[in-house]
Amino acid sequence: MKFGVLRFPGTCDEVDAQLACERVAGAEILWHGDRDLKGVDAIVVPGGFSYGDYLRVGAIARFSPLMESVIDFAKQGGPVLGICNGFQILCEAGLLPGALLPNRTLRFVCRQVDLRVERADTIFTNACEPGELLSIPAKHTTGCWYAPKELHEQVEANGQVLLRYAEGGNFNGSLADVAGVMNEAGNVFGLMPHPEHAVDPLTGSTDGLKLFASIRDSIAAHV
Amino acid sequence: MRVLVRPKAGILDPQGQAVERALPALGFDGVSQVHVGRLIELEVADPAQLPAMCEKLLVNPLIEDYEIAPGEAAAGSDGADTPASR
């Protein structure tokens, strides 16, 4: 099983994402100007500042040649995980509901946060327990998840919120403490915190590995 | 042409709030409803394409409203009498 990790100009977390994927499976970096997904089984859209985040976060990356292929891959049911800037790109691409606004404080925040697992029966969270707290670092300026009322109600009713900031931990102002949200079909997931930075005991937590292992296991189960 | 982009009404606008707090601190009273948006100036051969440009790239309609306005002819030209926008 192989992950494909996207690299845009301005991406900065693709190597950590690749290393995290390699702890559970194979991984390969895919370049934004290519269209070929090289037969990977799952896609990770990593964090950073794609295309300088000019105009709006994720707005320009969304139109890259590689993203066109990723959109097709996602529409055919391929698993796609977006982290931070990757989450923003997937929202801009219309693969995930809502949008990311500047943090309530307008400041860049970098801290370890606790995330409550809302559902553990998805391809992204099956290695977790429902209600479990995952300790994962977050580092962003534009991470306040927002959706208009009707869309938000729909997202909640469909059970698309997989991770929420634990009580008192919503530092960016996200609606309903949403930290990570899935598409309706259940094959695309995005979150602002960085599971790829929580994979080694040396840095304090290995909880992030559970998301990568979940994807691997659900793909293995389908082969 | 100019495209004026602003946060949709009711959306958290921390930039607007920060400016609204800063002005009275400098002695400017009576300031309210401050919103900070973005101005995009561009020359386009076919202005009829502008709404499509806005919907596809320049604006995220989920969180932003936009307004298309005629801009000044060119930077540095004598456009002193031209209103900046409608």
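Rounded to whole numbers, the Karplus 3J(HN,Hα) couplings from phi for segment A:22-32 are 5, 6, 10, 6, x, 8, 9, 7, 10, 8, 4 Hz, using 6.51 cos²θ - 1.76 cosθ + 1.60 with θ = phi - 60°, and x at Gly and Pro. Count the net charge of all other residues whose Cβ sits under 11 Å from the Cβ of A:Cys21, scoring Lys and Arg as +1 and Asp and Glu as -1. Once all neighbours under 11 Å are counted, the net charge is -3. Under a 5 Å amide H cut-off, with hydrogens placed 1.01 Å from N, A:Cys144 pairs with A:Leu101, A:Asn103 among residues at least 5 apart or on other chains. The dipole here belongs to the protein assembly as shown: it is taken about the Cα centre, uses +1 on the Cβ of Lys and Arg and -1 on the Cβ of Asp and Glu, and is about 280 debye. Within 10 Å of the Cβ of each residue in A:49-58, the mean number of Cβ atoms contributed by other protein chains is 2.
For segment A:34-44, putting each phi into the Karplus relation 6.51 cos²θ - 1.76 cosθ + 1.60 with θ = phi - 60° gives couplings of 7, 10, 7, 8, 6, x, 5, 9, 8, 10, 10 Hz, in residue order, rounded to whole numbers and with x for Gly and Pro.
Around the amide H of A:Thr11, modelled in the peptide plane, lie the amide H atoms of A:Phe49, A:Tyr51, all under 5 Å away and 5 or more residues distant in sequence or on another chain.
The mean sequence separation of alpha-carbon pairs under 8 Å and at least six residues apart, normalised by the residue count of segment A:1-56, gives a relative contact order of 53 percent. Counting Cβ atoms of other protein chains within 10 Å of each residue's Cβ and taking the mean over peptide B:58-65 gives 5. With each label modelled as a point 7 angstrom along the Cα→C-beta vector, the A:Gln76-A:Arg111 pair spans 4.3 nm. When the Cα centres of segment A:41-79 and segment A:121-197 are compared, how far apart do they sit, in Å? Segment A:41-79 and segment A:121-197 have Cα centres spaced 18 Å from each other. The fraction of all Cα pairs in segment A:80-223 landing in successive 5 Å bins from 0 to the largest distance is 2, 11, 21, 25, 22, 13, 5, 1, 0, 0, given as whole percents.
For the set A:Lys149/A:Lys210; A:Lys2/A:Lys38; A:Lys75/A:Lys149, the pairs lying more than 20 angstrom apart at their alpha carbons are A:Lys149/A:Lys210; A:Lys75/A:Lys149.
Taking K and R as +1 and D and E as -1, what net charge do the other residues with C-beta under 12 Å from the C-beta of A:Asp177 add up to?
-2
Computed on the Cα trace of the protein assembly as shown, the radius of gyration divided by the Kirkwood hydrodynamic radius gives Rg/Rh = 1.01.
Each reported figure results from applying straightforward, stated rules to the coordinates on display, with no laboratory input. Quantities reported herein were computed from a predicted structural model and do not represent experimental measurements. Every residue, glycine as well, gets a Cβ built from its backbone with ideal geometry; the counts of neighbours run over all protein chains shown.
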